[in-house]
1. Could you tell me which residue of the range 67-92 is farthest from the chain's Cα centre (by Cα), considering only residues that are aliphatic (A, V, I, L, M) and within 16 Å of ALA122 (Cα to Cα)?
2. Just name the residue that is modelled with the lowest pLDDT out of those in the range 1-31 that are hydrophobic (A, V, I, L, M, F, W, C) and more than 18 Å from GLN109 (Cβ to Cβ).
3. Being surrounded by 15 or more Cβ atoms within 10 Å (Cβ to Cβ) and farther than 22 Å from ASP43 by Cβ, is that true of even one residue in the range 100-111?
4. Examine the range 87-96 for a residue that is in contact with a Lys or Arg (Cβ under 9 Å, 6 or more places away or on another chain), surrounded by fewer than 18 Cβ atoms within 10 Å (Cβ to Cβ), modelled with pLDDT under 95 and more than 17 Å from TYR48 (Cβ to Cβ), and state whether such a residue exists.
5. Can you name the condition, by its number, that ALA119 falls short on among (1) buried (at least 20 other Cβ atoms within 10 Å of the Cβ); (2) within 14 Å of the chain's Cα centre (by Cα)?
6. Of the residues that make up the range 143-158, is at least one surrounded by 14 or more Cβ atoms within 10 Å (Cβ to Cβ) and under 13 Å from the mean Cα position of the chain (by Cα)?
7. Here is a check on your reading of the model: is SER132 buried (at least 20 other Cβ atoms within 10 Å of the Cβ) and within 20 Å of LEU165 (Cα to Cα)?
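The values are calculated or read from the model by the stated rules, or taken from the named source; none is laboratory data. Values in this document were obtained by computation on a predicted structure and should not be read as measured data. No Cβ is skipped: glycine too gets one built from the backbone with ideal geometry, and neighbour counts run over all protein chains shown.
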Amino acid sequence: MTGPGLFGAPSYALSLPDGTALKLGPLAADDAARLGEAIGAMDPWRAYGYPASALTRMLTSHPEGAPRFAFNLEGAVVGAAIIHTSWLRGPYLQFLALLPEAQGRALGQTFLQWMEREARGAGERNLWVAVSEINTGATRFYERHGFTRVAELPDLAYDGRTEFLLRKRLS
């Protein structure tokens, strides 16, 4: 089941390593607006001058084959993700952001493990993500989870800066 059907359930129940429940589900407009404001104040979005209103628009749009997920932890929405389900023989993680209070609790790790299980189950060959050169923490995070740099994309998001395309081979 590649393409738009991948990651198509209304919600997913995951468990963090400490046993805490993490729910992935639809992102409500009010949560998207709140997250857009908070994430816009975080790097790399702040450094790129990416306005909260643009983040909110991105989080609330609903293009075919690019589901948006809210991270609901202990009753609070603490992050969001966007996955393009069909990109170069595997899904592309366009966006993953967690509020500071949710970082360091293995939400990102749990999400990537879930994403990989779903993609493998659908027979996909790759997972993809792009990160900014200034987002060194994200680069280290993805590399720790088996992603490798496959391309440098200078001036993609911002003149004078480079984005790295990372890939995790699944087969």
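1. Ranking the candidates gives LEU88 first.
2. Kept after step one, since they are hydrophobic (A, V, I, L, M, F, W, C), are these residues of the range 1-31: 1, 6-7, 9, 13-14, 16, 21-22, 24, 27-29.
Filter once more, keeping what is more than 18 Å from GLN109 (Cβ to Cβ): 1, 6, 9, 27-29.
Values: MET1: 41, LEU6: 86, ALA9: 90, LEU27: 93, ALA28: 93, ALA29: 93.
Here the answer is MET1.
3. yes
4. Yes: one or more hits.
5. So the condition that ALA119 fails would be (2).
6. Scanning the range 143-158 turns up no residue that is surrounded by 14 or more Cβ atoms within 10 Å (Cβ to Cβ) and under 13 Å from the mean Cα position of the chain (by Cα).
7. Working: buried (at least 20 other Cβ atoms within 10 Å of the Cβ): yes; within 20 Å of LEU165 (Cα to Cα): yes.
Yes, satisfied.
For (1) closer than 18 Å to SER15 by Cβ; (2) at pLDDT 95 or above, each residue gets a yes or a no:
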| position | (1), (2) |
| --- | --- |
| GLY104 | yes, no |
| LEU107 | yes, yes |
| GLN113 | yes, yes |
| GLU116 | yes, yes |
| LEU127 | no, yes |
| VAL131 | no, yes |
| ARG140 | no, yes |
